[in-house]
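We did not get these values from a lab; they are worked out from the coordinates using the rules stated. A quick note: this is a predicted structure, and the numbers were derived from the prediction, not measured. In this analysis, Cβ positions are derived from the backbone assuming ideal geometry, glycine residues included, and neighbour counts consider all displayed protein chains.
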């Protein structure tokens, strides 16, 4: 799968002062932001989910500041996670993946897992166009690989 350089998209989004306000349009992200603000341990997958989504709305330093407040965490660990997600250009996770990850930790990433319409960040937020193009390309490549078998 090819990677798209969406650093411009990230910078444009991060420069917007409404980054946190935009993220709060998603109940899942509001839940994670509230937990981070309170210093609650959101677990490894909660942090991963947060960064995979928030990197499209917040500057690196903002994410690091929020994550560094995790119990047992520090700025170096937070920055390493943010940079790993950026380096791999991970797309925001689908609801099904979030629920899989949630089952592997104590903190509930999705505050309302019983609601089948909840925790779908693709419905709740608007990502830069490059994210949607990246997803489409991935599924087209998957279909091509399956057809070639």
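Summary of packing: across the peptides 22-30, 109-117, the per-residue average of other C-beta atoms within 10 Å ranks them, highest first, as 22-30, 109-117. Exposure proxy ranking for 48, 32, based on other Cβ atoms within 10 angstrom of each Cβ and starting from the fewest, stands as 48, 32.
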